[in-house]
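A short write-up of the structure that comes next.
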Amino acid sequence: MSEIAEDAVAGDAPTSRMARHSAPMVVVEHLSRTYDSGADAVHALRDVSFEIPRGKLVALVGRSGSGKTTLLNCIGGLDQPTSGRVIVNGTDVTSLDEGGRTRLRRDDLAFVFQTFGLLPMLSAAENVGLPLRLQKLDNATRADRVAHLLDLVGLSGQSMQRPGELSGGQQQRVAIARALANSPRLLIADEPTGQLDSDTGAAIMALLQSVVASEHTTAIISTHDETLQAMAGASLHLADGVLI
Ligand SMILES: Nc1ncnc2c1ncn2[C@@H]1O[C@H](COP(=O)(O)OP(=O)(O)OP(=O)(O)O)[C@@H](O)[C@H]1O
Ligand SMILES: [Mg+2]
């Protein structure tokens with residue numbers, strides 16, 4: 001069920017659904033992640049706790065090695081914490097088995113990475129349409145959705161171009177459109193502007209802000225850049241695995 005439909009029924013919904021609807025999108029409780037053990041142990045995250053309300057865009061900042069990627073991977077079910085819990089959209093990610101985590105990543109989450117991760121042999125439109133191929137949509141509906149997503153990221157005119165024929169900023173726009181294809185509840189972006197110059201990075205951050213609002217999603221975005229941090233509604237600061 002879409003967010004909009006859920007809003008429409010919230011007025012006469014059972015209490016449990018209303019509680020779920022107003023609950024934070026992400027709850028992180030006493031999260032720790034230690035790599036290896038013994039004398040060489042790396043404490044990538046130490047007792048990190050926070051919440052992200054629905055509809056918010058939150059910047060995750062911290063120096064290299066502070067634990068940003070580790071935290072995003074634990075939230076997205078790509079990594080298992082050593083202790084603590086992560087709840088996304090009411091589901092305890094840390095207690096899911098591999099199948100459950102795969103379903104969560106497919107149905108509720110979308111990832112955007114520094115290196116874009118587009119398929120080089122496919123056009124922009126084909127890359128954006130890829131996640132929709134898992135759904136039983138007819139060709140016309142799928143084409144309409146792809147056209148809407150490319151329009152959303154300002155690339156209607158580049159739909160037939162392959163990644164190699166696009167600038168870095170344009171490639172990241174394609175990756176964002178693809179991430180939004182399945183209407184994710186939560187968008188997780190790990191340094192999406194890390195390979196871009198500062199103006200292009202600011203444009204991508206502005207785009208993320210506008211799509212979070214228009215697509216009714218929630219986002220957590222890691223960045224080194226203080227200007228980009230300032231553009232987000234809220235920020236979390238990690239230092240040596242500790243939230244400060
Ligand atoms: N697979 C791993 N095995 C051992 N140590 C790891 C592993 N992954 C990360 N680490 C360590 O955990 C700490 C946090 O790393 P992480 O990648 O989360 O930092 P980061 O804030 O994303 O850094 P960057 O800004 O450079 O991307 C670092 O000390 C890193 O060396
Ligand atoms: Mg990182």
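Compactness check for the stretch 113-156: Cα Rg over 2.2 N^0.38 Å is 1.17. The per residue volume of the convex hull around the alpha-carbon atoms of the stretch 65-105 is 69 Å³. Using only the C-alpha atoms, the convex hull of the stretch 88-244 corresponds to 134 Å³ per residue. Only Lys, Arg, Asp and Glu carry charge here, each on its Cβ (+1 for the first two, -1 for the last two); on that basis the chain has a dipole of about 420 debye about its Cα centre.
Take every DSSP beta bridge whose two residues both sit in the chain; close to 45 percent of them are antiparallel. Give me the Debye-computed log₁₀ of I(q)/I(0) at q = 0.21, 0.24, 0.26 Å⁻¹ for the stretch 175-221, equal point scatterers on Cα only, no solvent, two decimals. Taking Cα atoms of the stretch 175-221 as identical point scatterers yields -0.68, -0.87, -0.99. When you count the other C-beta atoms within 10 angstrom of each residue and take the mean per peptide, 57-68, 150-161 line up highest first as 57-68, 150-161. Calculate, for Ser183 and Ser64, the FRET efficiency according to 1/(1 + (r/R0)^6) with r their C-beta to C-beta distance and R0 35 Å; round to the nearest 0.05. Here the calculated transfer efficiency is 0.60. Could you tell me which of rounded, prolate or oblate describes the stretch 21-102, using a ≥ b ≥ c as the square roots of the eigenvalues of the alpha-carbon gyration tensor, with rounded for a/c under 1.5 and, failing that, prolate when a/b is larger than b/c and oblate otherwise? Note, shape of the stretch 21-102 comes out oblate. Remark: spin-label model distance Ala147-Leu130 equals 2.4 nm, labels positioned 7 Å along the Cα→Cβ axis. 3J(HN,Hα) along the stretch 81-88, derived from phi through the Karplus expression 6.51 cos²θ - 1.76 cosθ + 1.60 where θ = phi - 60°, amounts to x, 6, 8, x, 10, 10, 10, 10 Hz, with x in place of Gly and Pro. The GNM of the chain, with springs linking C-alpha atoms under 10 angstrom apart, assigns the highest mean-square fluctuation among Ile52, Ile220, Ile188 to Ile52.
Normalised by the residues of the chain, what does the relative contact order come to in percent, with Cα pairs under 8 Å and at least six apart? About 28 percent, as a whole number.
For the pair Met160 and Glu98 in one chain, pulling the backbone fully straight at 0.36 nm per residue adds 18.7 nm over the alpha carbon distance.
Within the chain, the selection of entire DSSP H helices by a Cα span of 15 Å or greater along the long axis and an average Kyte-Doolittle value of at least 1.0 returns 198-214.
Each value in this text was obtained by applying a stated rule to the coordinates, not by laboratory testing. Values in this document were obtained by computation on a predicted structure and should not be read as measured data. No Cβ is skipped: glycine too gets one built from the backbone with ideal geometry, and neighbour counts run over all protein chains shown.
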